Amino acid sequence: MALRALIVDDSARFLEAARELLEREGITVAGVASSGAEALERARELRPDVALVDIDLGAESGFDLARLFAEALDPPPVILISTRSEDDLAELIEASPALAYLSKAHLSAHAVRDLLDGGECAHEALVYSTVEEFLAATVPFIREGLEDEEPLLVVTKEANLSALREALDADAGGVDFVDSAAWYRSPRQTLDAYARYVRERLEEGAGRLRVIGEPVWPRTSVRAVAEWKRYESAINVAWASTPVTVVCPYDASELPEDVVADARRTHPVLRTGRGTQPSPRYTDPEVFVRDLGLELSEILA
């Protein structure tokens, strides 16, 4: 079921733009409001999964509205939004009962889900056919991570690494780049390598991480391909409670059709240069791996 949001803002233009953006990316905008009283009434009526509340509501304050929401019966989580700098509002945000703050410049379905998920893994597939499509989806993802001071690991083929370094320019220094040929040796080793990287960054104090990981798909046997498909599905279980966003690119110009098709079954979310949306073909890992004729427990042991 799609996430249902209530947007509270005194700008009709912003309400229209935000509704269009979020619904295009898979979030249902259950309703909108332009004042505190209207927002509380709409929340009681619609029971949204989240309320996006502008900090500056004309003569009203979004911080005050967040407190009123918190005092209501069965309130939705509140994400405060604004064009103002988070640093300027840090003390007020910290004192607020709101779940989080999100800059309007970074508003997206992915960002909203990420804040609601908290410590959960977000596992996304990126199907692309050109370097331009790859960059359109990955560069904004990386820049958002850099702005949020999240550690970033990019494991992909050399051509994509070169393109990313050029596109990011000076920002490339804040990213850990690894050639996928050196990283993706076997499913078990790869899971262990990612686990070490994530553990070390969390021990260093990171709250959340971002990973772009593009497997090297074997051409040797059907069994080998099936084991890598199991690996992709197993991430949803192995990292279920890990605060990391993982984007797995699939080059449709090179990979077999079944590999690309199954990406939509092993990833709950699909990413493109236009944003993210839930994958309608996502399959429970136990079911998916059983269909491969393999056991999920073998790779998770």
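The values are calculated or read from the model by the stated rules, or taken from the named source; none is laboratory data. Predicted, not measured: the structure shown is a model, and the values here were computed from it. Cβ coordinates were reconstructed from backbone atoms using ideal geometry, including for glycine residues, and neighbour counts include every protein chain displayed. Just so you know, the surface numbers come from the protein's heavy atoms only, side chains and all, with ligands and any DNA or RNA stripped out. Shrake-Rupley method; radii C 1.70, N 1.55, O 1.52, S 1.80 Å.
Miscellaneous remarks
- For segment 164-251, the equivalent ellipsoid derived from the alpha-carbon gyration tensor has semi-axes of 24, 18, 11 Å in decreasing order.
- Relative contact order %, the chain, counting alpha carbon pairs below 8 Å whose residues are six or more apart: 18 percent
- Under the criterion of Cα pairs below 8 Å and six or more residues apart, the relative contact order for segment 1-154 equals 18 percent.
- Between the Cα long axis of helix 187-203 and the first principal axis of the chain there is an angle of about 40°, rounded to the nearest 10.
- Summary of packing: across the peptides 83-91, 166-174, the per-residue average of other C-beta atoms within 10 Å ranks them, highest first, as 166-174, 83-91.
- When DSSP beta bridges are restricted to pairs lying wholly in segment 159-301, around 50% turn out antiparallel.
- Charged side chains reduced to their Cβ positions (Lys and Arg at +1, Asp and Glu at -1) give segment 238-296 a dipole of some 360 debye around its Cα centre.
- P(r) for the chain, from all Cα pairs and a bin width of 10 Å, is 6, 26, 31, 22, 12, 3, 0 %, short bins first.
- Think of segment 187-284 as having a plus end and a minus end, set by charges on the Cβ of Lys, Arg, Asp and Glu; of Leu191, Val244, Ala263, Val244 sits farthest toward the positive end of this dipole.
- Over the chain: helical MRE at 222 nm, DSSP H runs n ≥ 4 each giving -39500 (n - 2.57), nearest 500: -13500 deg cm²/dmol
- Per-peptide packing, taken as the mean over residues of other Cβ atoms within 10 Å, places 144-151, 25-32, 245-252 in the sequence 245-252, 25-32, 144-151 from highest down.
- Cleavage-rule hits (GluC sites (Glu not before Pro)) in segment 240-301: DSSP loop, at most 15 neighbouring Cβ within 10 angstrom: Glu254, Glu295
- Counting only DSSP beta bridges whose two residues both lie in the chain, roughly 15 percent are antiparallel.
- Computed about its Cα centre, the charge dipole of segment 115-205 is approximately 540 debye, with only Lys, Arg, Asp and Glu carrying charge at their Cβ.
- Cut-off 10 Å between beta-carbons: net charge of the residues surrounding Ser129, Lys and Arg +1, Asp and Glu -1: -4
- Each label was represented as a point 7 Å from its Cα along the Cα-to-Cβ direction; for Glu120 and Arg290 these points are 2.3 nm apart.
- Length added when fully stretched, Asp192-Ser103, from 0.36 nm per residue minus Cα-Cα: 28.6 nm
- Probe 1.4 Å, accessible area per residue of the chain, Å²: 47 Å²
- Linear extension gain, Thr272 paired with Thr83, 0.36 nm per residue minus alpha-carbon span: 65.5 nm
- With Cα atoms defining each centre, segment 214-235 and segment 120-190 are spaced 20 Å apart in the structure.
- Surface share of carbon and sulfur [accessible, 1.4 angstrom probe, percent] for the chain: 48 percent
- Under the convention that each Lys and Arg Cβ holds +1 and each Asp and Glu Cβ holds -1, the size of the dipole of the chain around its Cα centre is about 1020 debye.
- For segment 111-235, alpha-carbon Rg relative to the globular expectation (2.2 N^0.38 Å, N residues): 1.08
- The residues neighbouring Glu214, those whose beta-carbon lies less than 12 Å from its own, together hold a net charge of -4 under the Lys/Arg +1, Asp/Glu -1 convention.
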